[in-house]
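S.K.: Here you go, one structure.
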Amino acid sequence: MAATDNDVGEALAGICEAAAALILPLWKSGVEVLTKADESPVTEADQRGEKLILEHLARLFPGVPVVSEEDASEFGTPDRIGPRFFLVDPLDGTKAFVRGDPNFTVNIALIEDGRPVAGAVSAPPTGETWFTHADGAMKRIHGGPAVPVRVRAWPKGQAVALVSHTMKEETAVKLANEYGFDLREPMDSSIKFCRIAEGAADIYPRHGPTMEWDVAAGHAVLEAAGGTLLTLEGGAFTYGKAQDGFRNGWFVARGG
């Protein structure tokens, strides 16, 4: 393997940034939107980004399997997977991308024994990239110097939850009562994990479906920054659920 375990996160960050540079010119360009079998949208940006990522991973990490969103939507997920593999979402937040909103991301995570041990998330419109490192979680902007990021302590009376744009008011109120947050901000994509990781928000309760590639890279960054992502019961949130088609259950992501 060309990259050591200590710098996998930084290597993945470089791949995410290369894909982001490819995707960004297609944003707000009137790119054609197709519909996948599950009725979700897909664009040329998703497809081109995934092709670039798969090429880079094959070169840097030969022999490590990859489960990737667009390939899975076209050919199905594998029936089984080994203990070490990559999860890739080349464009998380395709609906935001199509709307012209800036909250979409490029995501790569390395899974080992059911856990995300390295990951990177890049936000093409802002040039921000978050990634795991031996010393914790890091962030850089437009390829500049990387700086450490860390979750913040729960700010009593000012705790911010990140929620879906489509969440109904009654659902948001119920979640606020359940989790004790005071403010909420609607946001798309895995950038929610990164905002919590850098101390800009505090909690992301997800009472709804996701796929493993939607979550894994953000999970890796959040944990490296001192946060947690757990099941609603407080158990470990695991990956490699081939028997379930790599679908996730509900979860709660938290900062400090």
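S.K.: I want to check the label-to-label distance for residue 250 and residue 182. Put each point 7 Å from Cα in the C-beta direction and report it in nm to one decimal.
M.R.: The two pseudo-label positions are separated by 2.6 nm.
S.K.: For the ranges 86-96, 156-166, what's the packing order if you count other beta-carbon atoms within 10 Å of each residue, average per peptide, and put the highest first?
M.R.: 86-96, 156-166
S.K.: Be a star and scan region 232-249 for residues whose amide nitrogen sits under 20 Å from the point 7 Å along the Cα-to-Cβ vector of residue 112.
M.R.: Only 236-241 fall inside the zone, counting backbone N under 20 Å.
S.K.: Would you work out which of 58, 123, 96 lies farthest towards the positive end of the dipole of region 46-145? Charges go on Cβ: Lys and Arg +1, Asp and Glu -1.
M.R.: Going by the charge dipole, the pick is 123.
S.K.: Using the Karplus curve 6.51 cos²θ - 1.76 cosθ + 1.60 with θ = phi - 60°, work out ³J(HN,Hα) for each residue of region 20-29 in order, rounded to whole Hz, and write x for Gly and Pro.
M.R.: 4, 5, 6, 6, 4, x, 7, 5, 6, 9
S.K.: Next question. Under 13 Å from the Cβ of residue 103, count the other residues' Cβ atoms, weight Lys and Arg +1, Asp and Glu -1, and hand me the total.
M.R.: For residues surrounding residue 103, the net value is -1.
S.K.: Among 130, 27, 213, which comes first, second and so on when ranked by fewest other beta-carbon atoms within 10 Å?
M.R.: Exposure proxy ranking, most exposed first: 27, 213, 130.
S.K.: Right, something else. For the chain, what proportion of DSSP beta bridges, expressed in % and rounded to the nearest 5, is antiparallel?
M.R.: So the antiparallel bridges in the chain amount to around 85 percent.
S.K.: Same structure, new question: Of 73, 29, 190, which is the most mobile in a GNM of the chain whose springs link Cα atoms less than 10 angstrom apart?
M.R.: Comparing 73, 29, 190 in the GNM, the peak value goes to 29.
S.K.: Let me ask something else. Work out the length of the dipole vector of the chain about its Cα centre, built from +1 on the beta-carbon of each Lys and Arg and -1 on the beta-carbon of each Asp and Glu, and round it to the nearest 20 debye.
M.R.: Dipole size: approximately 560 debye.
S.K.: Now, a different point. I'd like the antiparallel share, as a percent to the nearest 5, of DSSP beta bridges with both residues in region 160-254.
M.R.: 65 percent
S.K.: Take 204, 179, 239 and order them by how many other Cβ atoms sit within 10 Å, fewest up front.
M.R.: Least to most surrounded, the residues fall as 179, 239, 204.
S.K.: Continuing with the same structure: Kindly flag which residue pairs out of 28/95; 51/139; 95/192 have an alpha-carbon separation exceeding 18 Å in this structure.
M.R.: 51/139, as the Cα separations exceed 18 Å there.
S.K.: Right, here's the next one. Longest exposed-loop-site-free stretch of the chain, with GluC sites (Glu not before Pro), DSSP loop and at most 12 other Cβ within 10 Å?
M.R.: That would be 40-232.
S.K.: Follow-up question, since we're still on this one. What value in Å³ per residue do you get for the convex hull of the alpha-carbon atoms in region 135-256?
M.R.: In region 135-256, the Cα convex hull volume per residue is 119 Å³.
S.K.: In whole percent, what relative contact order does the chain give with Cα contacts below 8 Å and a gap of six or more residues?
M.R.: It comes to 19 percent, rounded to a whole number.
S.K.: Suppose every Lys and Arg Cβ carries +1 and every Asp and Glu Cβ carries -1, with no other charges. What dipole size does region 160-254 come out with about its Cα centre, to the nearest 20 debye?
M.R.: For region 160-254, the charge dipole is close to 100 debye.
S.K.: Non-local amide H neighbours of residue 201 (under 5 Å, H modeled in plane, Pro and chain starts lacking H): which ones?
M.R.: The list, which skips near neighbours in sequence, is 196.
S.K.: A further question on this structure: Whole Å is fine, so just give me how far the alpha carbon centre of region 199-256 lies from that of region 126-140.
M.R.: Cα centroid to Cα centroid, the span is 18 Å.
S.K.: Of 46, 135, how do they rank once you tally other Cβ atoms within 10 Å and put the fewest first?
M.R.: 135, 46
S.K.: Counting only residues 5 or more places away or on other chains, whose amide H sits under 5 Å from the amide H of residue 227 once H atoms are built in the peptide plane?
M.R.: 151
S.K.: Compute the distance in nm between two label points, each set 7 Å from the Cα along the Cα-to-Cβ direction, one at residue 142 and one at residue 74.
M.R.: The two pseudo-label positions are separated by 3.4 nm.
S.K.: Next up: For the chain, set up a Gaussian network in which alpha carbons nearer than 10 Å are linked by springs, and say which option among 77, 35, 210 fluctuates the most.
M.R.: Evaluated over the chain, the most mobile residue of the options is 35.
All of the numbers you see were taken from the coordinates with simple rules; none came from a lab. Owing to the predicted nature of the structure, the values given are computational and were not obtained by experimental measurement. No Cβ is skipped: glycine too gets one built from the backbone with ideal geometry, and neighbour counts run over all protein chains shown.
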